[in-house]
1. Has the stretch 176-195 got any residue that is within 22 Å of the chain's Cα centre (by Cα), modelled with pLDDT under 90 and not in a helix (DSSP H, G or I)?
2. Given (1) in contact with a strand residue (DSSP E or B) (Cβ under 6 Å, 6 or more places away or on another chain); (2) surrounded by 21 or more Cβ atoms within 10 Å (Cβ to Cβ), where does THR76 come up short, assuming only one miss?
3. Quick one: count up the residues across the stretch 56-90 that are of a type in the set (Ser, Thr, Tyr) and in contact with an Asp or Glu (Cβ under 9 Å, 6 or more places away or on another chain).
4. Filter the stretch 12-45 down to residues that are over 14 Å from the mean Cα position of the chain (by Cα), at pLDDT below 95 and either at positive phi or part of a loop (DSSP other than H, G, I, E, B) (or both), then give me how many there are.
5. Between residues in the stretch 76-98 that are touching a residue at least 60 places away in the same chain (Cβ under 8 Å) and residues that are β-branched (Val, Ile, Thr) and surrounded by 24 or more Cβ atoms within 10 Å (Cβ to Cβ), which pairs lie under 9 Å by C-beta distance while being six or more apart or on different chains?
6. Pull up the stretch 1-10, narrow it to residues that are among the β-branched types (Val, Ile, Thr) and open to solvent by 60 Å² or more (accessible area, probe 1.4 Å), then point me to the one that is farthest from TYR131 (Cα to Cα).
7. All but one of (1) of a type in the set (D, E, K, R); (2) in contact with a Lys or Arg (Cβ under 8 Å, 6 or more places away or on another chain); (3) closer than 30 Å to VAL15 by Cα hold for GLU138; which doesn't?
8. Filter the stretch 116-162 down to the residues that are touching a helix residue (DSSP H, G or I) at 6+ places or on another chain (Cβ under 9 Å), part of a strand (DSSP E or B) and either surrounded by fewer than 18 Cβ atoms within 10 Å (Cβ to Cβ) or among the small types (Gly, Ala, Ser) (or both) and list them by number.
Amino acid sequence: MTQYILTSPCTAELVEKNSRFIGWGFPCSTLKDFNSLHNKMKSEYQDASHVAYAYLIVEDGTQKIRFSDDGEPGGTAGKPILNHLQGKGLINAVIFVIRYFGGVKLGAGGLVRAYGGGAREALAVANIEEYIPVSQLEFTASYDTQKHIEYCLKKFDGKTINIEFTEELKYQVSIPERLLRDFRDAVSIKGVLLETED
């Protein structure tokens with residue numbers, strides 16, 4: 001099954017019986033990222049009635065899923081948000097739906113529709129692209145191989161994370177996993193030996 005990621009934050013708002021629901025979606029690839037975003041949302045919307053959320057993160061090869069109703073009746077906020085996240089095939093993403101209570105109770109069904117709607121509206125304006133797993137490599141190379149390495153990176157959709165210019169070039173790069181073997185083979189023509197980062 002194809003997986004997708006958010007490429008930038010997205011937000012949208014809806015009103016249900018005077019209650020405001022603000023949906024926010026963020027790229028989020030680690031629990032550390034989530035904690036930072038959660039603190040940010042709680043701080044920015046500290047006057048809100050509820051800050052419900054759901055995330056789906058793949059970290060160290062493990063899928064981590066969590067959702068919170070943040071004080072709403074069980075299953076009426078976080079789960080509907082998660083359903084929209086999973087329905088879009090998204091990973092490494094978090095969606096928050098912030099509620100400002102408008103004085104009218106919505107009931108369980110109304111809450112499910114409203115929180116799900118907040119997530120849906122945010123994702124409707126999101127920039128989404130296919131998730132391509134990458135591997136990180138670290139290796140050293142002589143200066144006379146630099147042009148060849150740059151050519152191989154471009155050819156195999158690689159990205160340079162960092163280069164240190166010491167007695168030799170110290171590269172840190174990321175390569176799509178499906179092209180990793182081809183990149184290794186192409187680079188090794190010039191005698192460069194690659195080690196996968198642990």
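1. Checked the stretch 176-195: at least one residue is within 22 Å of the chain's Cα centre (by Cα), modelled with pLDDT under 90 and not in a helix (DSSP H, G or I).
2. Only one criterion is unmet by THR76, namely (1).
3. 1
4. Here the count works out to 2.
5. ILE95/ILE81; PHE96/ILE81; VAL97/ILE81
6. Checking each candidate, the answer is THR7.
7. (3)
8. Correct list: VAL134, SER135, ALA141, LYS159, THR160.
The values are calculated or read from the model by the stated rules, or taken from the named source; none is laboratory data. Note that the coordinates shown come from a computational prediction; the quantities given were computed from them, not determined experimentally. Virtual Cβ from ideal backbone geometry, glycine too; neighbours counted across all protein chains shown. Please note that ligands, DNA and RNA were not included when accessible areas were found on the heavy atoms of the full protein model with its side chains. Shrake-Rupley method; radii C 1.70, N 1.55, O 1.52, S 1.80 Å.
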